[in-house]
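Step one of this worksheet: look at the structure below.
The values are calculated or read from the model by the stated rules, or taken from the named source; none is laboratory data. Quick caveat, the model's predicted, so the values are computed rather than measured. Note that we place each Cβ from the backbone using ideal geometry, even for glycine, and neighbour counts take in every protein chain shown.
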Amino acid sequence: MQKMKNGKKVLSVCLSLAMAAGMLSTSAFASWNVYGGSNNHNAVVTEAPTATDASGLDSYIQLHCTGSGWDGVDNVPVMQTVNGTTYAYVLYDGYGASGALVAKIRCAENGGSSIVWTTDPYGTEGTSLNAKSGFQLSTPYLDDKGTPDDASDDTLYVGTISQYDDYEGGEWLTGTGSKVMALTGLDQNKPTVTNVLTGINGQINTPITTDGTYLYFGTWPGGSNAGTYYQVKLSDYSVKTFTPDSYGFYWAGAVSDGTNVYFGSDNGLLYWRSNKNFDTTGGVLDLTDVASDAGNVRSTVMLDDGYLYFTTQGGYLWCYETSANGAPTYQWHKKLGATSTSTPTKVGDRIYVGYYSGFNAGGVQCVSADGSSVKTVVEGDGFPVQSSIVVMGDGTGTDYLYFNTNAQKGAGYCYSFDGTTGSKVWGTTGDTYALGGMAIDNGYAVFGNDYNHLYVVHE
């Protein structure tokens, strides 16, 4: 199925620094370990391929799978560089009897990338996700425990939209709901898979995000049925939940400012919850009070310098200012070229977002930091962009933008933008629908598509 598819004064300073360290710890040591590459989900990198003849543009790794389908790699890989070697971890649908799988990829130049391991198809306790076939939209989270050069203690948290019950009576019984798992022993020949939370109602269709202390993710049960947002403590896996009266969470990842956590939902709602009292304290803003056609919030919320940025399917980019008292304050919203599920990326005074009209058209736009102007980087037929835009640059000169197209001949692209004009730098060979977006670490750009083709591009 095709999918439309960030003394007292001394004590106070020390406490503030400790809090900041806690929030940043998971992104300061790992390379691209969470959706957007950092806990704030602002996908800005300092090293990425810009050569017009970059390697890997016309070759790919075929991930292990059974048969074929339209539900291959539909999320963003996570990456890390250990002692100079860069790895990518990819959650994908292995089709049919394989079910959901995770692969570890060793990145190398000139087509030399290779599969290190792949989890077993469902039915092998301890080395399989035991999740049946289906689209997997939840980007994993890689916790490196603050030791980037030692992968032996790392944990990869993975959410799947389905599960299998325990082996009973000679067969695996189909279970209900979604689940979250912890993969450990990532440096071994095969990781160990253990359940963190099972029997979750609805599909986990959001990224698994973190603030350094908790995991956050939401569920989508379909229609106007109420989803649930989860807060899972990393130290002991204790759980707190929030369930609204109606509507669920689809692609709507959460971000925290250290006091509150923010996330959107279908039906144009923006929620905030207290980090400490997630289950009892929070509130909601209705975006339709500002724009009646706001549409669903199907992007992750990005945080930059105290401001929240996100897009909605009504075709808007939104900006709100955070508040220690809870409710964020509306700043502005800007109409885009079409509907959007793209998490914004901000560098300097430029905010980049993707947009799309079905599977046939779309592009990338640059909005000024005050929301006053919109410029088009690229647009056209065959250019539906549902992913976030990864950016290398500072927003003052030429920025380099990295993204995928979710089209019949979808591909990965790098475009340059000087504040006025967008120009193509490189593109991979047209292949198939590429929904999830790129991860970039140590100069390697990695993304996958519905054929389970994984592209690794380097200078």
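Considering only segment 60-79, how many residues are hydroxyl-bearing (S, T, Y) and either crowded, with 24+ Cβ neighbours inside 10 Å or touching a Ser or Thr at 6+ places or on another chain (Cβ under 7 Å) (or both)?
1
Quick one: how many residues across segment 352-384 are part of a loop (DSSP other than H, G, I, E, B) and either of a type in the set (F, W, Y) or within 23 Å of K409 (Cα to Cα) (or both)? Spell out the reasoning first.
The first filter runs over segment 352-384 and keeps only residues part of a loop (DSSP other than H, G, I, E, B), leaving 358-360, 369-373, 382-384.
Those still in the list that are either of a type in the set (F, W, Y) or within 23 Å of K409 (Cα to Cα) (or both) too: 358-360, 382-384.
Total meeting the criteria: 6.
I'd like the full set of residues that are charged (D, E, K, R) and within 17 Å of N449 (Cβ to Cβ), limited to segment 387-418.
K409
Checking the condition over 20 Å from P207 (Cβ atoms) and among the small types (G, A, S), which residue from S299, S274, S256 passes?
S274
Would you mention how many residues in segment 112-159 are over 13 Å from L183 (Cα atoms) and outside any loop (DSSP other than H, G, I, E, B)?
Number of matching residues: 3.
Take L454 and decide whether it is at pLDDT 95 or above and within 23 Å of F310 (Cα to Cα).
The answer is no for L454.
Do you know which residues across segment 297-325 are surrounded by fewer than 24 Cβ atoms within 10 Å (Cβ to Cβ), among the polar types (S, T, N, Q) and outside any strand (DSSP E or B)?
Matches in segment 297-325: Q313, N325.
Can you pull out every residue in segment 239-255 that is part of a strand (DSSP E or B) and within 14 Å of W272 (Cβ to Cβ)?
If the condition is that a residue be part of a strand (DSSP E or B) and within 14 Å of W272 (Cβ to Cβ), then F242, V255 are the ones that fit.
Which one is farthest from Y157 (Cα to Cα) among residues in segment 101-143 that are modelled with pLDDT under 95 and hydrophobic (A, V, I, L, M, F, W, C)?
Among those residues, the one meeting the criterion is F135.
Looking only at segment 69-93, count every residue that is in a loop (DSSP other than H, G, I, E, B) and at pLDDT 95 or above and tell me the total. Write out each step before concluding.
To start, the set of residues in segment 69-93 that are in a loop (DSSP other than H, G, I, E, B) comprises 69-77, 83-84.
Okay, now just the ones that are also at pLDDT 95 or above, so 72-77.
Selection size over segment 69-93: 6.
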